């Protein structure tokens, strides 16, 4: 009975084996078709990706590294930040001792007040000089006219005195001749003694009148000379008064010079106030303070580096693409940026610049291929990628130096 059962089982297996083989053939065919389909899909995806996208893993985040330095020399009074501290724009990083700069401001304020006072005085002097010189010129002209009239009058008086001298000389001559004629007559008693005395008195009077006329003539000559001297003096004063416009111009030039001194003093005061403001060293933008090398009590000079500020607001990506990837790459194309540090977090960006030279050319020691041992190497060109929306990095997670993988949609 057992032998019969074994034979039946063997016979049954022989009957079922062809059916299993028939069932397995469609399964193998399905698997092959599935594998081929997967390969086709993968190939299509690879072709689609390589045709419409270009990517690289040679890319990193870049940003501005701002060197914080002093604009004036001084003594560090206070340091308000620590290493790797985030600061907002305008935050005071360090303070210099302001005493010397405050003194300079006070001195320049005093100089400005003095310059303004000098300018006001010079400004008032200009119209005063103009009026005075005008009045002096008018007065000098009047003096010249008056002196000229006096000269004419004195010359007329001189002419009258000369005529009087001539008349007195004629009268004196007649009187002396009459006296000489009367002398023999009085001796012979032809005329009376009284008549002779009258002739003597008349001769003496005419002689005195002649002397008086000569004195008046001399006085008239002197008056003419004085009048002419007055004319010369008045003319000199008039010529001096004629320089009035030049004197006004000189005063105006002094006023202009005083105004320039005011502006110079204002500029010096403004510079002194600027220097005073420079005693507070502030952050020009928001960022993280690194490489802090300043301490309280330290003396710093102009331009001395005190810290490095890493700006986190103006961030961009520098991607080094192979030259064979740039055929269809253009400015403005959309870029998807994957950040390694955050599990592949995506950022949207766009191409803003394509480098003007390869990285090897811009290196410190460019390759020299003129030796005959040239080997062709695919070069890489830096491409700048900016975030489409800068608010995407409002959490400041992107930091300069981070590795990213940009993918550019070229078609």
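Derivation of every value follows stated rules applied to the coordinates shown; laboratory data play no part. From a predicted model like this one, the values you see are computed outputs, not experimental measurements. Ideal geometry is used to build each Cβ from the backbone, glycine not excepted, and the neighbour counts take in all protein chains shown.
Taking the Cβ of each residue in 30, 321 as the centre, tally the other Cβ atoms inside 10 Å and list the residues starting with the fewest. Write out the running numbers ahead of the final one.
Working: 30 10, 321 23.
Neighbour counts put them in this order, fewest first: 30, 321.
Taking neighbour counts of Cβ atoms within 10 Å as a proxy for exposure, in what order, fewest first, do 381, 131, 317 appear?
On the way: 381 20, 131 12, 317 25.
The fewest-first ordering by Cβ neighbours comes to 131, 381, 317.
Relative contact order (percent) for segment 205-336, with alpha-carbon contacts under 8 angstrom and 6 or more residues of separation? Walk me through the numbers before you get to the answer.
Values: 32 pairs, mean separation 19.8, N = 132.
Dividing the mean separation by the residue count of segment 205-336 yields 15 percent.
Provide, for q = 0.09, 0.11 Å⁻¹, the log10 of I(q)/I(0) from a solvent-free Debye sum over equal Cα point scatterers in segment 104-264.
The computed values of log10 I(q)/I(0) come out as -0.60, -0.70.
With an 8 Å cut-off on Cα pairs and a minimum separation of 6 or more residues, tell me the relative contact order of segment 104-264 in percent.
On the way: 133 pairs, mean separation 81.0, N = 161.
Here the relative contact order equals 50 percent.
Using the count of nearby Cβ atoms within 10 Å as a rough guide to exposure, how do 312, 179 rank from fewest to most?
Starting with the residue having the fewest Cβ neighbours, the order is 179, 312.
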